[in-house]
1. To test your reading of the geometry: what angle, between 0 and 90 degrees and rounded to tens, separates the Cα axis of helix A:33-60 from the longest principal axis of chain A?
2. Is segment A:1-57 rounded, prolate or oblate when judged by the Cα gyration tensor, a ≥ b ≥ c being the square roots of its eigenvalues, rounded requiring a/c under 1.5 and prolate requiring a/b larger than b/c?
3. Using a probe radius of 1.4 Å on protein heavy atoms only, what is the accessible area buried between chains A and B, both sides summed, to the nearest 100 Å²?
4. Which cross-chain or sequence-distant (5 or more) residues have an amide H under 5 Å from the amide H of residue A:32, H modelled 1.01 Å from N in plane?
5. What's the average, rounded to a whole number, of partner chain beta-carbon atoms within 10 Å of each residue's beta-carbon in A:28-36?
6. Within 10 Å, count the other beta carbons around each residue, average over each peptide in A:30-42, B:3-15, B:86-98, and list them highest first.
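The values are calculated or read from the model by the stated rules, or taken from the named source; none is laboratory data. Worth saying up front: this structure is predicted, and the values here are computed from it rather than measured. Virtual Cβ from ideal backbone geometry, glycine too; neighbours counted across all protein chains shown. Surface accessibility is based on the protein's heavy atoms, side chains included, excluding ligands, DNA and RNA. Shrake-Rupley method; radii C 1.70, N 1.55, O 1.52, S 1.80 Å.
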Amino acid sequence: HLISSLLCLETMILSIYIALSIWPIKKQTSANLMKILMLAFSACKASARLATLITSTPTHASDLLHNLNLLWC
Amino acid sequence: MTYFVLFLGVGFVLAALLVASNPSPYYGVVGLVFGSVVGCGWLMSLGVSFVSLVLFMVYLGGMLVVFVYSVSLAADPFPQIWGGWHTTGCVLGFVFVAGVGLIVWGWGGGGFGVGVVDNMGVFFSRLDFNGVALFYSCGVGMFLVAGWGLLLTLFVVLELVRGLSRGTIRAV
């Protein structure tokens, strides 16, 4: 399933976001900009990934990775 | 109360386990929603409540709703269930990796003591008020660049789904 890989990537991004949130607390710094930027850009990435998924699913009749033929559009 | 924070952290790892070992994307989305809810609670109990709210609204309310709809579009009509060798193998692999990470980084890092901002009564000023305000004063260039990037992403997505019959969108 292609969307299972998208879900795992989203989980990784969520864990990186929480780590970026917790790290300035532990180190007593003020680096809170990075997580907001990361969240914004991860939203961009997720939307691009989902658009690719939605447009390539009807062509291959499902989103199973065995069915994906990269020669199709 | 200290162990509540630890419990939320463990809950987040369990949600990641749920996502990684899903037999069908329907369960993966449930794990992702649960993980983001638990992550919000974790961030809020650690003292940064603003980014917890940001995560709630942007991630849960925006992105995960879109994800749930996409899963309902792209997943199979007869999903598999829990149980079986595939799920058990994924769970064991995840537990193994998490255990290795815990042993390598967890034991020598000072244990599980969590000192939150509410240690001596409720502390009114949260820990992230100063950081996000920098977005408007010092980091205004990055703010504008990020806004421009988001606008460009809108056009990228529109271009990806363009085309009624020549493009890749067809009747589902």
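1. Approximately 10 degrees, to the nearest 10.
2. Since a/c reaches 1.5 but b/c is at least a/b, the shape of segment A:1-57 is classed as oblate.
3. Counting both chains, the buried surface is close to 4000 Å².
4. Those lying under 5 Å, H to H, from residue A:32: there are none.
5. Averaged over the peptide's residues, the number is 6.
6. Peptide ranking by packing, descending: A:30-42, B:3-15, B:86-98.
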